[in-house]
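Below is one structure, written out as structure tokens; comments come after it.
Readers should treat all values here as calculations from the given coordinates under stated rules, not as data from a laboratory. On a predicted model such as this, the values are computed, not experimentally measured, just so you know. Reconstructed Cβ throughout: ideal geometry from the backbone, glycine too, with neighbour counts over all protein chains shown.
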Amino acid sequence: MSTTYLEAIRQGLWEEMERDPNVFLIGEDIGVYGGAFKVTDGFYEHFGEKRVVDTPISEAAIVGAAIGASYMGLRPVAEMQFADFISCAFDQIVNFAAKSRYRWGAAVPIVVRAPSGGGIHGGPFHSQSPEMWFVRTPGLKVVAPATAYDAKGLIKSAIRDNDPVLFFEHKGLYRRIKEDLPAGEYTVPIGKAKVARHGKDLSIITYGAMLWTALDAAEQLEAEGISAEVVDLRTLLPLDRETVCASVKKTSKTLLLHEDTRTGGMAGELAASITESVFEYLDGPIVRVTAPDTPVPYSPPLEDAFLPNAAKVVEKARWLYRY
Amino acid sequence: MPPSERASGFPFRAILPTETQSVGKFRMSATQAVPTGRREEAALAHKCLYYMSLMREMEDRIERKLYRQGKIVGGVYVGRGQEAISTGAALQADPGDVLFPTHRDMAAYLIRGVPAGRILAQYMGRVDGVTHGRDANMHMGDLRLNIVAIISALAATVPVAAGAALALKYLGRKNVAMCWFGEGSTSLGHWHEGMNLASVQKLPVVWICNNNQYAYSTPMSQQMACANVADRGPAYSIPAEIVDGNDVLAVHEATRRALEYVRAGNGPYLLECKTFRMTGHSAHDAAHYVPPSLFDEWSKLDPIARLEARMTTQGWAEREEIDAMQAAVRKEVDEAVAFAEASPFPDPATQTDGVYEGQ
């Protein structure tokens, strides 16, 4: 039976809670209500109020409490109702959690789940992709799965990890994609990118929901005789530069794609890493397709203009191919 | 009418002292029962005097000697005049209780068994510092000792302490979290979020406010419109008590009451300890913004001098015994300084270690 991206996250959480009594959930409206997106629907009934903690509207307290509980040996999974609200917990994440191990050797094995991304007409405060605020914070791990398989495998790895992990789940994928998952137990390692489609003419490097945009674009390019390789980063921190550079060495042309805005986006770091490591393999400029440097607008024509799509990727890829 | 109602003008649920005495411009709970037996009273007083004196001597060396000698390259933030609060409260904690002290609560570390030499090495950025040179001054903790490190934005500790308390309850332990903060921290959102969450979830936390009247240069009157930090407790349905923070036995006894309430599963309890910062915000701050009369007034309430006077008048100690203890403390700190100075600086090759597990 095919499993949605949302159901995959749910299964991962459920299995880890069954496996380890120290895993618990904390967040807003996650218990009786089952979560704004219903990811934790039925958890309260099964695991009880001790392990599914409904809180006041207090993102800083949710993450802070998760940190404190993790010091005592628990493995909290905190939910930000929308990734946009994670800014309320910024200090707890970047100053308390991220620096704890380095400063005084205290591990912070927490997971912060954050439904991110646009395409659902959520407007400026329910559509953001805030991952790069955290990718430049040493001590954190940041994952952003694109498939149901990876979403389940990565949430399980995140819960078992002994460092703080931010889990950006793309809310636009929740019910849009599905696939058959293995019946048995599996995890997906944090810090490993994956070649999602093999090609020889150029590399499209991306993550999150944009994987599907890249794969669409690759199909269209294939029809035109352009063979695109697609690399799904899966983890943004620590970044798997090896897999990225191996793909660039193979194709010699690179298109970097993300839904996040342009300046200071992941594409900038990737471009720098590629030129540092495999500059001599490049046969063209490194090209970026990203959202523009604006807030995420609400009205459909404006949001469509904001979001990268397959047509924008195909156009840039054609240009790069001919370069 | 209890003093809390006088302060805020409307009634609320609170446990407040009914017997008060005037100290400075504040009304405070009178020192209540100390242990009844004479021998126990004397022993407790000796213990309190030792830790307060050790903290004072450590901080005098840090601020007035090592810092001026250039041996401490970073900031120095001491708790001179506030020693009674961390001493009186931490002496009530069980080893399983989790402490969240601030940078002005050194006695909590000493009571938990952090060696004085390692604290000095920490200040000096040496490898034997508690954080091995990774962080400065009192930014240090040790989970084996159930003591958690602050971050500079101090109020952030409040939700973290609530989370530790949540875990203690989750794990079925009878222990509590004990979290200190200054009055300035109570202006931050994290403080209010943490207080609220702890109260809603009835978490076992004792909140201890070192109200030393100044947050850097900002006086109480510009920090909050209410007269007392304790007035904020009832807004969260947290019982609050105002304590003479310069009377170590009063702090000790108030902490006992707080712990009794919290350990019984009633939720958090707030102690506001009125005190005064007998120094600048840090070693580089001459505190010219503090009216000299306030220093004069509060120097008469010095917690160490007050305890010594009480010990001699109550017959708990002879003056010679106290002098001998102070001499022993000075010798202990001499040895700690020697230890810290002998400790090497960390190897720069280790700079990138330990950001993640196994790295």
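Things worth noting here:
- Here the alpha carbons of region A:194-322 define both size measures, Rg and Dmax, at 13.8, 44 Å.
- Residues B:Val73, A:Val248, sorted so that the one with the fewest Cβ neighbours within 10 Å comes first: B:Val73, A:Val248
- In angstrom, the C-alpha Rg and Dmax of region B:57-343 are 18.4, 52.
- Value of Rg/Rh across the protein assembly as shown [Cα atoms, Kirkwood radius]: 1.05
- Considering only beta bridges that DSSP places wholly inside the protein assembly as shown, some 20 percent are antiparallel.
- Where only DSSP H runs of four or more residues are counted, chain A gives -10500 deg cm²/dmol as its mean residue ellipticity at 222 nm, each run worth -39500 (n - 2.57).
- Each Lys and Arg Cβ is given +1 and each Asp and Glu Cβ -1; about its Cα centre, region A:2-180 then shows a dipole of about 440 debye.
- Projecting the Cα atoms of A:Val296, A:Ala217, A:Ala83 onto the charge dipole of the protein assembly as shown (Cβ charges, centred on the Cα centre) puts A:Ala83 farthest toward the positive pole.
- Averaging the sequence gap over all C-alpha pairs within less than 8 Å and six or more residues apart, then dividing by the number of residues, gives chain A a relative contact order of 16 percent.
- Loop trypsin sites (Lys or Arg not before Pro), region B:267-319 (other Cβ atoms within 10 Å of the site Cβ: 13 or fewer; DSSP): B:Lys300
- Charge-dipole axis of the protein assembly as shown as Lys and Arg at +1 and Asp and Glu at -1 on Cβ define it, positive-most pick from A:Leu256, A:Phe47, B:Ala286: B:Ala286
- Of all lysines in the structure, the ones whose alpha carbon falls short of 26 Å from that of A:Lys316, not counting any fewer than 8 places away in one chain, are A:Lys194, A:Lys200, A:Lys249, A:Lys250, A:Lys253.
- Nearby lysines by direct alpha-carbon distance to B:Lys65 (threshold 18 angstrom, same-chain neighbours under 8 apart not counted): B:Lys331
- For q = 0.08, 0.10, 0.12, 0.20 Å⁻¹, Debye-computed log10 I/I(0) when each Cα of region A:2-180 counts as one equal scatterer: -0.21, -0.33, -0.48, -1.47
- Taking other C-beta atoms within 10 angstrom as a stand-in for reagent exposure, A:Glu15, A:Glu303, B:Glu193 fall in the order A:Glu15, A:Glu303, B:Glu193, fewest first.
- Selected from B:Pro344, B:Pro239, B:Pro101 as most flexible by GNM, with chain B as the system and alpha-carbon contacts under 10 Å: B:Pro344
- Max mean-square fluctuation residue, GNM over chain B, Cα-Cα springs under 10 Å, options B:Ala235, B:Ala161, B:Ala225: B:Ala225
- Each Cα pair under 8 Å and six or more residues apart adds its separation to the average, and for region A:2-180 the resulting relative contact order is 27 percent.
- Rounded to the nearest 20 debye, dipole of region B:57-343 from Cβ charges on Lys, Arg, Asp, Glu: 720 debye
- Taking the Cα centre of the protein assembly as shown as origin and assigning +1 to Lys and Arg Cβ atoms and -1 to Asp and Glu Cβ atoms, the resulting dipole is close to 420 debye.
- Positive-end extreme of charge dipole, chain B - chosen from B:Gly129, B:Trp316, B:Pro348 (charges on Cβ): B:Trp316
- Axis angle, to the nearest 10 degrees, between helix A:5-19 and the longest C-alpha principal axis of chain A: 40 degrees.
- Principal-axis tilt of helix A:210-223 within chain A, Cα atoms, nearest 10 degrees: 30 degrees
- Region A:2-180: antiparallel DSSP beta bridges as a percent of all, rounded to 5: 15 percent
- Built amide H within the under 5 Å cut-off of A:Lys192, gap 5+: A:Thr235
- Restricting attention to region A:194-322, close to 20% of DSSP beta bridges with both partner residues there are antiparallel.
- Between B:Ala198, B:Ala340, B:Ala328, the Gaussian network model of chain B with springs among Cα atoms under 10 angstrom shows the greatest mean-square fluctuation at B:Ala328.
- For chain A, the longest principal axis of the alpha carbon atoms and the long axis of helix A:59-71 meet at an angle near 70°.
- Given in Å, the Rg to one decimal and the Dmax to the nearest whole number for the Cα atoms of region B:107-190 are 14.1, 40.
- The mean sequence distance of close C-alpha pairs (under 8 Å, at least 6 residues apart), as a share of the length of region A:245-311, puts its relative contact order at 41 percent.
- Dividing the convex hull volume of the alpha carbon atoms of chain A by its residue count gives 128 Å³ per residue.
- Loop chymotrypsin sites (Phe, Trp or Tyr not before Pro), region B:143-252, which have at most 14 other Cβ atoms in a 10 Å radius of their Cβ (DSSP): B:Tyr216
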